[in-house]
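To start, the structure itself, in structure tokens.
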Amino acid sequence: MTTPQTDVDATDAPASDTATAVPTSVPADATVHECPYCDRPFTREDRVALHVGLQHYDVCTSEEEEAFETAYLAENAEIRRYRLKAAVALIVLYFGLLMVYAVAA
């Protein structure tokens with residue numbers, strides 16, 4: 001699945017599938033991973049698994065379901081880690097500004 005494809009236009013997607021009607025682009029020098037059902041291009045294999053599990057759940061195989069679950073759990077862990085880092089940054093900023101205010105006032 002490494003056919004070079006750079007742009008997919010919204011008119012190429014079925015009208016009923018609004019989630020895949022969003023135009024996507026893959027850099028020309030990147031490896032293209034395509035959806036086996038709608039040929040939508042992705043830059044990462046785990047994004048294909050998420051797409052297949054969310055958009056083609058009614059026709060995906062058991063291996064694709066397992067790949068979707070793995071990618072879904074990994075993405076949730078990334079989101080959780082990002083939220084924790086954002087919360088820590090906001091807390092540090094808050095107390096930093098509080099200390100600046102306490103010294104300057």
Q: Calculate the spin-label point distance for residue 25 paired with residue 104, positioning each point 7 Å from the Cα along the beta-carbon direction, and give it in nanometres.
A: 4.2
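Beta carbons within 10 angstrom, averaged per residue: use that to sort the peptides 44-50, 25-31, highest first. Could you put the intermediate results ahead of the total?
Values: 44-50: 17.9, 25-31: 12.0.
By packing density, highest mean first, the sequence is 44-50, 25-31.
Only the coordinates and a few stated rules stand behind these numbers; no lab work does. This structure is a prediction, so every number in the text was calculated from the model and none was measured. Note that each Cβ is placed from the backbone with ideal geometry, even for glycine, and that neighbours are counted across all protein chains shown.
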